[in-house]
Amino acid sequence: MSGLDRLRRRLRGRGTSTGRDVVVVRGAERYETVGDGITTRHSFSYGAHYDADNVAFGPLRAVNEELLDPGAGYEGHRHSDVEIVTWVLEGVLAHEDSTGTRGLVRPGEVQHVSARAGLEHAERNASDREPLRFVQMMVAPSDEELADPDPPPPAYRQWDLQGARGYLLDVLRLRDGVTLHAALLDSGDVVALPEDGLVHLQVTRGSVEVAGTRLEAGDVVRVSGRGPVTVTAITSSEILAWHFAAPVPAPTQERP
């Protein structure tokens, strides 16, 4: 059975007692690209990997887990109409972009690059001795933002999140209803996921249980519908969870 067939099988999903649908994608079943000193696992269609049934989840277009050998990296390449969020798991990432920004991103820090109007960036392993592993996520603008004929210029920000443990932390709010959460958990810790809309959760370290299923580092769950879902840490763990809130229905106007 091919990797794509296994992924399609997993994407049939499973229901929960709360009425929410939880889809599990194992780390080993994600699409994989191997290049010059770089191995990437993709949660969605990306590059040479295309599956019409797996191109996005809400506005989320990419969740790529990157492993770079010492000294390896990506030369300058362009993105536009996308928000790029990077989370380093081990090692140090060297970033350089067309705004003139240069910097290093380490574990415990999050980097957000807004490339609405277009931006070119290069990313490399800053070490010639140690490997680099990071997760890079890409979110599409809203329909209203895409309709703007004058998108804002590229913007860059980076900040440190170390020290928060045992609860679901709001890491980044891109716009109303689009939020990235993270949690650093000790064994036995329990956190509740948002109870509405869509949730895309990736286990980045350790082992957790979601909806009765054990998940290991690299595994992903996609939750839809409405109702409570909790994450229980089996070992010391870390999770990243995007929440795309359900749209609020427009008020109805009664006839006079």
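For region 230-243, give me each residue that is open to solvent by less than 10 Å² (accessible area, probe 1.4 Å) and more than 20 Å from ALA28 (Cα to Cα). VAL231, ALA233, TRP242 - these are the residues of region 230-243 that are open to solvent by less than 10 Å² (accessible area, probe 1.4 Å) and more than 20 Å from ALA28 (Cα to Cα). Pick from region 108-130 the residues that are in contact with a Gly (Cβ under 7 Å, 6 or more places away or on another chain) and open to solvent by 50 Å² or more (accessible area, probe 1.4 Å): which of them is nearest to ALA56 (Cα to Cα)? By that ranking, first place goes to GLU120. When VAL248 is tested against (1) under 14 Å from LEU193 (Cα atoms); (2) surrounded by fewer than 18 Cβ atoms within 10 Å (Cβ to Cβ); (3) at pLDDT below 95; (4) not aromatic (Phe, Trp, Tyr), exactly one condition is not met: (1). Scanning region 129-155 for residues that are under 18 Å from the mean Cα position of the chain (by Cα) and not aliphatic (A, V, I, L, M) yields ARG133, PHE134, GLN136, PRO141, SER142. In the set GLY71, GLY100, only one residue is at pLDDT 90 or above and in a loop (DSSP other than H, G, I, E, B); that residue is GLY71.
Inside region 220-237, residues that are outside any strand (DSSP E or B) and either hydroxyl-bearing (Ser, Thr, Tyr) or more than 21 Å from LEU89 (Cβ to Cβ) (or both) make up a count of 7. For region 165-219, how many residues are of a type outside the set (A, V, I, L, M), surrounded by 14 or more Cβ atoms within 10 Å (Cβ to Cβ), assigned to a strand (DSSP E or B) and over 17 Å from the mean Cα position of the chain (by Cα)? So the answer is 2.
Applying the criterion of being in a loop (DSSP other than H, G, I, E, B) and either open to solvent by 70 Å² or more (accessible area, probe 1.4 Å) or without any contact (Cβ under 8 Å) to a residue 24 or more places away in the chain (or both) to the residues of region 135-164, the residue that is nearest to VAL110 (Cα to Cα) is GLN162.
The values are calculated or read from the model by the stated rules, or taken from the named source; none is laboratory data. Note that the coordinates shown come from a computational prediction; the quantities given were computed from them, not determined experimentally. So basically every Cβ, Gly included, is an ideal-geometry build from the backbone, and we count neighbours across all protein chains shown. When the accessible area is computed, the model is the full protein with side chains, heavy atoms only, and any ligands, DNA or RNA have been set aside. Shrake-Rupley method; radii C 1.70, N 1.55, O 1.52, S 1.80 Å.
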